[in-house]
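Read the structure below first, then the notes.
The values are calculated or read from the model by the stated rules, or taken from the named source; none is laboratory data. Model, not experiment: these values are computed from the prediction. A quick note on method: Cβ atoms are made from the backbone with ideal geometry, for glycine too, and the neighbour counts reach across all protein chains shown. Heavy atoms of the whole protein, side chains included, go into the accessibility calculation; ligands, DNA and RNA do not. Shrake-Rupley method; radii C 1.70, N 1.55, O 1.52, S 1.80 Å.
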Amino acid sequence: MDKVIALGDVTLGEGVDTWNTIIFLYNSALKEVQTKVEILNDEFQQVHQYNPIEYIKSRIKSSESIVKKLKRCGHDTSINNMVNYVNDIAGIRIVCSFTSDIYRLAEMIGRQNDLTVISVKDYIKHPKDSGYKSYHMLVTVPIFLSDRTIDTKVEIQIRTMAMDFWASLEHKIYYKFEGNAPKYISQDLRECSGIVSMLDAKMLQLNEAILEAKAAQEEEAGAV
Ligand code: 0O2
């Protein structure tokens, strides 16, 4: 097999052609990871008659957002810097019903042989000051081209529907105020984040109670 190289180790030019090649690679990486996740979900459905995933969204970060992020982190705007310092150019968001599904999926993703997990940030066990909760995995996936193989980064965010609802709203507010939202709004958002956790815990508990009740009913029916 050809040598596998990391995208960050490739010497990159700064022209339109390089840009297009890079975006092609990130798009290919997104497709690869999305397919893997869909297969895991289908397998789970087949074995356990249950889908851990409610929906999946994927996107390539816009050039404006990439430039903003580079500047925010004090880097010059170059294609090399974008590849080396912006980890979420290719991003996939997996939205689950229950918190337990998040960890189950993360484990299944981590066990995929051809994915390399670079880092994990558990903002569920350790929420951000804003109240943000989500499970982030930075992985690389090999993209097999005709003459070489390039390991390409994808950020995977896994969260519940309630966490996703909160994060979408907070994202809108954050950007409206460019990070300077009035204190009472940030405070309210943190409180809402607590409510999200309570809702997630209650829904998980309810689901477990439903499964137990159903199993008991079936056992009873079988005994008759
Ligand atoms: P956008 O506009 O959503 O793309 P890193 O270099 O990876 O260590 P980074 O990128 O800050 O540093 O990593 P992190 O913390 O994993 O955040 C990556 C993404 O998670 C963000 O991308 C957001 O999408 C999301 N995120 C992180 N914190 C928050 C938060 O407090 N609120 C919301 N709503 N989303 C958050 P971007 O590029 O910052 O933003």
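Structure data summary
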read-out	value
Flag if Ile109 is over 21 Å from Trp19 (Cβ atoms), more than 11 Å from the ligand (Cβ to nearest atom), in contact with a strand residue (DSSP E or B) (Cβ under 6 Å, 6 or more places away or on another chain) and in contact (Cβ under 8 Å) with a residue 12 or more places away in the chain	no
Residue list for the stretch 121-130, restricted to those being in a strand (DSSP E or B) and more than 9 Å from the ligand (Cβ to nearest atom)	Asp122
Per-region count, the stretch 131-176, residues within 13 Å of the ligand (Cβ to nearest atom) and small (Gly, Ala, Ser)	4
Residue check, Asp147 free of Cβ contacts under 8 Å to residues at least 12 places away in the same chain and either over 20 Å from Ile53 (Cα atoms) or touching a helix residue (DSSP H, G or I) at 6+ places or on another chain (Cβ under 8 Å) (or both)	no
Scan of the stretch 174-202 for residues that are among the β-branched types (Val, Ile, Thr) and over 24 Å from Ile92 (Cβ atoms), ordered by number	Ile185, Ile195
Residue within the stretch 78-94 that is within 30 Å of Ala201 (Cα to Cα) and touching a helix residue (DSSP H, G or I) at 6+ places or on another chain (Cβ under 7 Å) present	yes
3 or more residues at pLDDT 95 or above and in contact with a strand residue (DSSP E or B) (Cβ under 8 Å, 6 or more places away or on another chain): qualifying helices (runs of 4 or more DSSP H) within the stretch 2-91	16-48
Some residue of the stretch 34-50 being open to solvent by less than 80 Å² (accessible area, probe 1.4 Å) and within 13 Å of the ligand (Cβ to nearest atom)	no
Total residues in the stretch 70-100, condition within 11 Å of the ligand (Cβ to nearest atom), open to solvent by less than 50 Å² (accessible area, probe 1.4 Å) and free of Cβ contacts under 8 Å to residues at least 24 places away in the same chain	1
Top-ranked residue in the stretch 152-179 [being basic (Lys, Arg) and crowded, with 21+ Cβ neighbours inside 10 Å; ranked as farthest from the chain's Cα centre (by Cα)]	Lys153
Test: Ser63 is away from the ligand (no atom under 12 Å from the Cβ), open to solvent by 30 Å² or more (accessible area, probe 1.4 Å) and closer than 17 Å to Trp19 by Cα	yes
Evaluation of Ile195 against (1) away from the ligand (no atom under 15 Å from the Cβ); (2) in a helix (DSSP H, G or I); (3) in contact (Cβ under 8 Å) with a residue 12 or more places away in the chain (one fails), failing number	(3)
